[in-house]
Structure formats: structure tokens, C-alpha cells
Amino acid sequence: MEFDLSPKLANKIYGGNGGSYSAWSPSELAMLRQGNIGASKLALNKNGLALPHYSDSAKVAYVLQGSGTAGIVLPEAEEKVIAIKKGDAIALPFGVVTWWFNKDDTELVVLFLGDTSKGHKSGEFTNFYLTGSNGIFTGFSSEFVSRAWDLEEEKVKVLVGSQTNNGIVQVKEGFSMPEPKKEHRDGMALNCEEAPLDVDIKNGGRVVVLNTKNLPLVGEVGLGADLVRLDGSAMCSPGFSCDSAYQVTYIVRGSGRVQVVGVDGRRVLETTLKAGNLFIVPRFFVVSKIANPEGMEWFSIISTPNPIFTHLAGRTSVWKALSPQVLEASFNVAPEDEKHFRSKRTSSEIFFAPSN
């Protein structure tokens, strides 16, 4: 089976003065369809508002840049208005209505990664807007809407027809948007740049894992996620997801090299990763990365809420668990070669600092 795992950039779908919406296409990145995964980015300029909408897919949102406000309405619940900033991760289950707003000069950029297995199109998100030129209620007759909202048809025509833009708009300077409430943020968002580290290797790298313990809503989304920061010239140990999960990785900053090895020991990807790239590692394939001197940072989702990884190097690798005799026979080497191999990499677990 042939796999094209080449990293890709997002394509702009629509936009205007308020900002833009971009997405990765399964026609260019076939692994999106293969893994039933969607990926998109929302970029909002100052006073940009992403109109209220819901999606056909459960997602994890990650704030790549800037700060702003998000409105989140869970099914049959009150609206939560939360302040968001760079590093925030938000789990968005099915049926959630959201809006996003940026009041600052700095562009607000939000990444969305999610599961499209129940969506209309495999590998793509389909968003349903409540207002705007493509809003849901533009498709109903004024009679149906007036009866549903208990309003005169003339009032309905004003409400439904006044917003001629679609998806993203720019509100007037000074327009009063809802203020975020601190208590609304609890349980809704986790800042991955400020959260306690799950892994911290000196001169190697750091990891924050998003799971059902620190953000329970990911259990409803059915996805796990992590933020990984690899120091300059350090290496991320070869490893694979041992629970049949896909890894979807977005390069947040920096650059580096990646290799992926699949069935029959074939190297299926060897390339340089750069900020803005998205790539997907198939189930059980082994991936390893080496950062360039400036380091590399990435945000990943894994298609299970509590992922488990097996590493093939380091103190916790499978090699340390296997019997010496098994290694000698498997590698077909002398005992001294096996001992030398086993004695290496006894301190690091996931990240290896550059060799001196």
C-alpha cells in the first residue's frame, strides 16, 4: 500500500476584512480521508467575528497566535464566554455552537483538528452557520421562520436578510461584544504553555499532554492532544501509537527533519518540516524527528482520548524490557554487542539532547 505522507499547507477557503478561513484538503493530503480527520485554521483581524456556527465533527481547537474571546454553547446549556490566548486548547464536542472574536491589533489564529468519521465528507469539516448569507435560516421560508420564532414575517426578513456577509465579518470599531467571565473558563480550556509538564528533558524537550484528566471534555470529543517543544538539534525518540491511533501533527514554529517507517521496514517519509506544515502518521507507523538549531514546536491530536505510545529508544523503550538472549538472537550479534547496545540511552525517555 502506497502512502503519500508529504506535509502540506492549508488553502484559503473564504475571507474578507474580518479575516479568513483555511483548510487542508483530502485531495492534496490523502491521509485526511484515510484517517477520517479534518484540519482547518481560522484567522481573525482586529474586530473580526466568526459568526455563530456548529460543525458535523468533534474537534480540538488550539490558539496558535494572539488573544481574543470565544463563545461556546453546549447542547441545552448557557453560553460560556471565555478569554482565549496563545497556547489555549479547547475541546469542542458534537453539537457545540461557537463564535470567535478578536478585538486586538494582533491577528488571532486558531487551529482546528478533529474526527470526521460521522461528518458529511470524510477528511473535511462541514460548518453550519446560524446567520449570514449562507445561514441556516436563509433556506427556510419566512412563514416557517416566523412561526418558529413567533415573529411577524417582515421582522423575520430583516433578521435573516440584513447580514449579507458569510462566515466572518468585521464589526464596527467600539462595538460592544460580550465580556469573558473567568469562571466560564474552568473546564473549558487548558493553556498548554502554562500547564504542568508531563515530560521535561534538559536540553531535549518538553511535553504537555491533553487528556481526560486535565480537560475532561476531550473524552466527549474522543481525541487526545499534546504540545511538544523540542530544543535545538535535539531528537524525538522513534515511537508509535500502540492503540491503533493516527497522529496528526501541525508544526507551530521552527523546523526540523522527520522520518517515518512503515510496513516491511520501508521509509515512507523523509523530509524537512516547517511552521505551518500538517502531516499525518498512519496507525502503527514509527516516527522520529530531529529539530534544526532553532528548535521545533508542534501540536498534535491522536485519535483516542488517552493515547499510549511505545518508544523504540531510551530508558523506557521496549528494548530495555526484552531479554538479553532474545536481543542477541534477534540481532544475530555477540553478547558484548548486545550489552553495549543495552547500556546506551539509560537516562532519557522521549527526547535526546544533541551529541557533543
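The values are calculated or read from the model by the stated rules, or taken from the named source; none is laboratory data. Note that the coordinates shown come from a computational prediction; the quantities given were computed from them, not determined experimentally. Every residue, glycine among them, receives a Cβ derived from its backbone with ideal geometry; neighbour counts consider all protein chains shown. Ligands, DNA and RNA are stripped out before the accessible areas are found, and what is left, the full protein with its side chains, is counted by its heavy atoms. Shrake-Rupley method; radii C 1.70, N 1.55, O 1.52, S 1.80 Å.
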Per the list (1) open to solvent by less than 20 Å² (accessible area, probe 1.4 Å); (2) more than 24 Å from Ser300 (Cα to Cα), residue check on Phe128 breaks on (1)
Select from segment 162-178 the residues that are out of contact with any Phe, Trp or Tyr (no Cβ under 8 Å at 6 or more places or on another chain), modelled with pLDDT under 95 and surrounded by 13 or more Cβ atoms within 10 Å (Cβ to Cβ) and write down the one among them that is farthest from Gly18 (Cα to Cα).
-> Gln163
Of all the residues that make up segment 226-254, how many are within 20 Å of Cys192 (Cβ to Cβ) and at pLDDT 90 or above?
-> 14
Of all residues in segment 14-46, which are free of Cβ contacts under 8 Å to residues at least 24 places away in the same chain and either touching a Pro at 6+ places or on another chain (Cβ under 6 Å) or under 30 Å from Thr69 (Cα atoms) (or both)?
-> Ser22
Does Glu152 satisfy the criteria of being under 23 Å from Met188 (Cα atoms) and either outside the structural domain of Phe175 (by the TED database) or open to solvent by 50 Å² or more (accessible area, probe 1.4 Å) (or both)?
-> no
Kindly list the number of the only condition in (1) surrounded by fewer than 19 Cβ atoms within 10 Å (Cβ to Cβ); (2) on the phi < 0 side of the Ramachandran plot that fails for Ser241.
-> (1)
Out of (1) within 24 Å of Pro216 (Cβ to Cβ); (2) surrounded by fewer than 22 Cβ atoms within 10 Å (Cβ to Cβ); (3) not aromatic (Phe, Trp, Tyr), the one Ser122 does not meet is (1)
Filter result (of a type in the set (D, E, K, R) and within 21 Å of Asp231 (Cβ to Cβ)) within segment 245-269 | Arg253, Arg257
Looking at (1) closer than 22 Å to Gly219 by Cα; (2) under 17 Å from the mean Cα position of the chain (by Cα); (3) open to solvent by 20 Å² or more (accessible area, probe 1.4 Å); (4) at pLDDT 95 or above, can you tell me which one Val97 breaks?
-> (2)
Does Val268 meet the test of being under 20 Å from the mean Cα position of the chain (by Cα), surrounded by 16 or more Cβ atoms within 10 Å (Cβ to Cβ) and at pLDDT 90 or above?
-> no
Whichever residue in segment 78-94 is open to solvent by 40 Å² or more (accessible area, probe 1.4 Å) and not hydrophobic (A, V, I, L, M, F, W, C) and, among such residues, is nearest to Pro216 (Cα to Cα) = Lys80
Note on segment 49-77: residues surrounded by fewer than 23 Cβ atoms within 10 Å (Cβ to Cβ), among the aliphatic types (A, V, I, L, M) and over 28 Å from Glu297 (Cβ atoms) are Leu51, Val73, Leu74, Ala77
In a strand (DSSP E or B) and either touching a strand residue (DSSP E or B) at 6+ places or on another chain (Cβ under 9 Å) or crowded, with 22+ Cβ neighbours inside 10 Å (or both), is that true of Lys46?
-> no
Just to be sure, is Ser55 in contact (Cβ under 8 Å) with a residue 12 or more places away in the chain and under 30 Å from Gln163 (Cα atoms)?
-> yes
Kindly establish whether Lys202 is modelled with pLDDT under 90 and not small (Gly, Ala, Ser).
-> yes
For segment 101-125, enumerate the residues that are farther than 25 Å from Ser67 by Cα and assigned to a loop (DSSP other than H, G, I, E, B).
-> Thr116, Ser117, Lys118, Gly119, His120, Ser122, Gly123
